[in-house]
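J.: Okay, handing you the structure first.
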Amino acid sequence: MGLLSGKATCNTHGQDSSYFLGWQEYEKNPYDEVQNPTGIIQMGLAENQLSFDLLESWLDRNPDAAGFKRDGQSIFRELALFQDYHGLPAFKKALVEFMSEIRGNKVTFDTSKIVLTAGATSANETLMFCLAEPGEAFLLPTPYYPGFDRDLKWRTGVEIVPIQCTSLNGFQITETAIEEAYQLAQKRHLKVKGVLVTNPSNPLGTTMSRNELNLLVNIITEKNIHLISDEIYSGTVFSSPGFVSIMEILKDRNCENTQVWNRVHIVYSLSKDLGLPGFRVGAIYSNDDMVVAAATKMSSFGLVSSQTQYLLSALLSDKKFTQNYISENKKRLKQRHRKLVSGLEKAGISCLKSNAGLFCWVDMRHLLRSNTFEAEMELWKKIVYDVKLNISPGSSCHCTEPGWFRVCFANMSEDTLKLSMQRLKAFVDSITTTLHNQSNHQSIKNSRRRSLTKWVFRLSFDDRVTGER
Amino acid sequence: MGILSKIATNNGHGEDSAYFDGWKAFDRNPFHPTQNPGGVIQLGLAENQLCFDLIKDWITKNPYASICTAEGVEVFKDIAIFQDYHGLPEFRQAVAKFMGKGRGGRVTFDPDRIVMGGGATGANELIMFCLANPGDAFLVPSPYYAAFDRDLSWRTGVQIVPVHCDISNNFKITREALEAAYERAQEASINIKGLIITNPSNPLGTTLDRDTLKSLVSFINDKNIHLVCDEIYAATVFSSPKFTSVAEVIQEMDCNRDLIHIIYSLSKDMGLPGFRVGIVYSFNDTVVNCGRKMSSFGLVSSQTQYLLASMLSDDEFVDNFLVETSKRLAKRHHNFTKGLEQVGINCLKSNAGLFFWMDLRHLLKEKTLEGEIALWRTIVNDVKLNVSPGSSFQCTEPGWFRVCFANMDDDTLQVALNRIAAFVQQDKESEKPTKKRCSRIFASASHRGSTNKVSCRRT
């Protein structure tokens, strides 16, 4: 018998993964324009730092929200005492209206169906507790957000079974892939309780197509399972095709008040769209009253600070502000995205065509020594330690194909982004040169005896080995 | 196969309990001095509302502590993006210092052992996830905080094994009682992973004496099980004896520190339940590391961390606050308990907390649980006071009630006292009509079907 719990001593928290190790390296040697210009540039952090000036100017115009005041009267006491897990009504109203606005008002949300939680981290875990028993499973399309391994599995005992998506069709979900996932679950003796998708996708940065969404609705109807749509990036869609929420699809198919209607749940947060991850504002939206009731009670374990609810209720109730913010934020993301893409192109690197998110899904397969995850790790380490860019390797996102990396673009200044692209280009140029010099070398073994981090060579398609970790 | 999980559909959340009827009665008909003077007075809510003036005053004088004011907005961005589960260093340092001051400076706390939880609610659940597997158990001396059933068990699958304490020795937790409970658990193949206590006690309002605390440490050390001390009311001690924290006691004892953990919060000492500041403080490094990762599920809003870091770093403010809160709680406690004494109602002698443990055994028609419930319903529905019956805290001795005294103003307290006086008087004068009323109320109580608390009592 261990002194501590199984959970305390296992590593299902997922933090031994490279995703988090890259962060640690960055922490040891963080880039600063003035104080540490050769430090590691953080490109592994999906933060939206592009629109703080808009928030700050709103604060400047609205001093009451800051000072715990409403119409000039102090409401400090009221807020200090407010711990009702139903949440501040004014905040919930403003939040559902904001969610609706992001969806072009094509769908509306009901305040009685929303549950506030301490970030999407807590929302996702809470939904697992509500929808699945320990040992049951949710299907997730790969690649997926590395934090899901902790959020969905760790304390809940729920398992994740991947729906393998590939670059052959831009990583879209196919019926075949879902069927294969089901078979995999069966082999592992796992009962599937639902599917969880992130839309727009992290790490792909793409919005799900109507076809995919319809496919999902078909599957969950047929199999009588749940669908969770984590729409945390819904406000970051900066170009076409626009964002189609799962709720829109259900509406189009006249699914209101049917059984499948009750099995679709949305997760939201203000961490990405508004760039406020520190405030811990997450939400579960469900059409199922029982889920809402259970999740509301569970939210006791992670309520949103009343101080923060109040500030944000004022902010999001200001429709002039929200309209302007949503459109301006998108413009800036689009611009920044373009800068990253063109910087990568100059280095001979392409990425998956994307229209959303705070990152690009970058194709560095041609820079791998071999089509293996080992080679991906080698390349990644080189990029972190030598090129000094913290980017996220695809394997940390459970991608089945080696060579893809998630690179964030909205969490640094334009100058820093420019610098990172210069470093990357220099790196690619150097290995291309090295490659040219090495191209006459016969013995691969000899080459391998030298430090593996010194060179890579172009991959021959015939050598491709799939599925290797 | 259910479409939802068992956890989502069972009543492990504890809210089907009949005790919520008291709250419902209050919600339907809340007292207001002018608008609803006949309404129900809330005496069931353990909130500290006595020192908001001090906090408001500080906030007004320190606009830089808010990231939204002109004075503070330059840190808005940095704070808004700060989601590091280590928490703001200034926040941890300020909380560690506050905890030390709240314990009279007799012990210091290491900021690096401070781990955040979503309120003490989140913190208590978190420590269970770290220390016990589903099916394992924790010993909990009764009477205990009603929501422990939810916080410790609901999603964790950890069992609560109550250790019943009673008035025969003033509800003291004895080594014998613990040993007996431990033995019984072993015989029933229940794996006890630890003991959890609340000190100062909810609902008793008493602090543990040093010797008892030492014997608890000795007990868990011998059995190699954990000791979790929920010290959420640490700074609400308003009269002697002073508060002795487990952190103090282990300084003078040989024990395995890996077994010692403290739960803390600012909800009671500072009266800020809305801000959701829960703390897990463990002397076990693995628990700190694991707990920190788990705190991702309930981090404190960085906006709130920042405000409190500033406030709690202000030594002058904190020193004055701790003295004032103590004074005001003492006065409130004194006024209420003296008022009750005058009508022949006694309370357990207490020196802490936001409530006292009222003895109404002499008013019970039957010295049974049913008698207690009947009396309770009379108090809620007729006297119009929402107090909490002892059975809601798993007290095995009928007739005790927890009464809160820090969540209303002085005038409301006086109204409550007047009503109690009137009720006691009436009760003395008219036995028979009261009996009939009680049995009618009891009939409606049994209809509510509150089976979990009433019929499944553990012994």
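The values are calculated or read from the model by the stated rules, or taken from the named source; none is laboratory data. Not measured: the values here are computed from a predicted model. Glycine also receives a Cβ, built like all others from the backbone with ideal geometry; neighbour counts cover every protein chain displayed. These area figures cover heavy atoms from the full protein model, side chains too; ligands, DNA and RNA do not enter into them. Shrake-Rupley method; radii C 1.70, N 1.55, O 1.52, S 1.80 Å.
J.: Pairs, please: C-beta under 7 Å, at least 6 apart or cross-chain, first residue in contact (Cβ under 8 Å) with a residue 60 or more places away in the chain and assigned to a strand (DSSP E or B) and in the range B:247-266, second open to solvent by less than 30 Å² (accessible area, probe 1.4 Å) and charged (D, E, K, R)?
T.: From residues that are in contact (Cβ under 8 Å) with a residue 60 or more places away in the chain and assigned to a strand (DSSP E or B), the pairs are B:Ile263/B:Asp230; B:Ile263/B:Glu231; B:Tyr264/B:Glu231.
J.: Is it the case that some residue within the range A:83-104 is at the interface with another protein chain (Cβ under 9 Å from one of its Cβ atoms), in a helix (DSSP H, G or I), without any contact (Cβ under 8 Å) to a residue 24 or more places away in the chain and open to solvent by 50 Å² or more (accessible area, probe 1.4 Å)?
T.: no
J.: Can you tell me which condition A:His189 does not meet? The list is (1) in contact with a strand residue (DSSP E or B) (Cβ under 9 Å, 6 or more places away or on another chain); (2) open to solvent by 20 Å² or more (accessible area, probe 1.4 Å); (3) closer than 30 Å to B:Cys130 by Cβ, and all the others hold.
T.: (1)
J.: Now, a different point. Could you run through the range B:270-297 and say how many residues are small (Gly, Ala, Ser), facing chain A (nearest Cβ under 7 Å) and in contact (Cβ under 8 Å) with a residue 24 or more places away in the chain? Let's see the steps before the verdict.
T.: First, the residues of the range B:270-297 that are small (Gly, Ala, Ser): B:271, B:274, B:278, B:282, B:291, B:295-296.
In the following step, the residues that additionally are facing chain A (nearest Cβ under 7 Å) were identified as B:271, B:274, B:296.
With the extra rule that they be in contact (Cβ under 8 Å) with a residue 24 or more places away in the chain, the set shrinks to B:271, B:296.
Number satisfying all stated conditions: 2.
J.: In this structure, does A:Asn262 turn out to be open to solvent by 20 Å² or more (accessible area, probe 1.4 Å) and not in a loop (DSSP other than H, G, I, E, B)? Don't jump to the end; show me each part of the working.
T.: Values: open to solvent by 20 Å² or more (accessible area, probe 1.4 Å): yes; not in a loop (DSSP other than H, G, I, E, B): yes.
Judged against the criteria, A:Asn262 is a match.
J.: Can I ask one more? Can you name the number of the only condition in (1) within 21 Å of B:Gly390 (Cβ to Cβ); (2) assigned to a helix (DSSP H, G or I); (3) at pLDDT 95 or above that B:Val415 fails?
T.: Of the numbered conditions (1) within 21 Å of B:Gly390 (Cβ to Cβ); (2) assigned to a helix (DSSP H, G or I); (3) at pLDDT 95 or above, the odd one out for B:Val415 is (1).
J.: Here's another thing I want to ask about it. Which members of the range B:298-315 meet the condition of being open to solvent by less than 10 Å² (accessible area, probe 1.4 Å) and either more than 9 Å from every other protein chain (Cβ to nearest Cβ) or farther than 16 Å from B:Ala94 by Cα (or both)?
T.: B:Gly298, B:Leu308, B:Ala309, B:Met311, B:Leu312
J.: Next up: Provide a single number: the residues in the range A:133-180 that are hydrophobic (A, V, I, L, M, F, W, C), under 24 Å from A:Phe405 (Cβ atoms) and away from chain B (no Cβ under 14 Å).
T.: Residues of the range A:133-180 hydrophobic (A, V, I, L, M, F, W, C): A:137-140, A:148, A:152, A:154, A:158, A:160-161, A:163, A:165, A:168, A:171, A:173, A:177-178.
With under 24 Å from A:Phe405 (Cβ atoms) added as a condition, the list becomes A:140, A:148, A:152, A:160, A:163, A:165, A:168, A:171, A:173, A:177.
Now drop any that are not away from chain B (no Cβ under 14 Å), which leaves A:140, A:160, A:163, A:165, A:168, A:171, A:173, A:177.
Residues flagged as hydrophobic (A, V, I, L, M, F, W, C), under 24 Å from A:Phe405 (Cβ atoms) and away from chain B (no Cβ under 14 Å) within the range A:133-180 amount to 8.
J.: Please go through the range A:28-69 and give me each residue that is more than 14 Å from every other protein chain (Cβ to nearest Cβ), of a type outside the set (A, V, I, L, M) and open to solvent by 10 Å² or more (accessible area, probe 1.4 Å), ordered by number.
T.: Answer for the range A:28-69, where residues must be more than 14 Å from every other protein chain (Cβ to nearest Cβ), of a type outside the set (A, V, I, L, M) and open to solvent by 10 Å² or more (accessible area, probe 1.4 Å): A:Lys28, A:Asn29, A:Tyr31, A:Glu33, A:Gln35, A:Asn36, A:Pro37, A:Thr38.
J.: Now, a different point. Kindly state which helices (runs of 4 or more DSSP H) lie completely within the range B:1-61 and contain at least 3 residues that are on the phi < 0 side of the Ramachandran plot and open to solvent by 70 Å² or more (accessible area, probe 1.4 Å).
T.: Values: elements: B:6-9, B:20-28, B:52-61.
Because the criterion is at least 3 residues that are on the phi < 0 side of the Ramachandran plot and open to solvent by 70 Å² or more (accessible area, probe 1.4 Å), the helices (runs of 4 or more DSSP H) in the range B:1-61 that meet it are B:20-28, B:52-61.
J.: Here is a further query. Restricting to the range B:32-50, name every residue that is over 26 Å from B:Ala352 (Cβ atoms) and touching a strand residue (DSSP E or B) at 6+ places or on another chain (Cβ under 9 Å). Quick ask: steps written out before the conclusion?
T.: Pass one, the range B:32-50, residues over 26 Å from B:Ala352 (Cβ atoms): B:32-40.
Across the range B:32-50, the qualifying residues are B:Asn36, B:Gly39, B:Val40.
J.: Quick one: how many residues across the range B:219-239 are out of contact with any helix residue (DSSP H, G or I) (no Cβ under 7 Å at 6 or more places or on another chain), outside any loop (DSSP other than H, G, I, E, B) and in contact (Cβ under 8 Å) with a residue 40 or more places away in the chain?
T.: Result for the range B:219-239: 0.
J.: While we're here: Taking the options B:Gly100, B:Gly104, B:Gly87, name whichever one is within 14 Å of chain A (Cβ to nearest Cβ) and of a type outside the set (Lys, Arg). First the steps, then the outcome.
T.: Values: B:Gly100 fails: within 14 Å of chain A (Cβ to nearest Cβ); B:Gly104 fails: within 14 Å of chain A (Cβ to nearest Cβ).
Every option except B:Gly87 fails the conditions.
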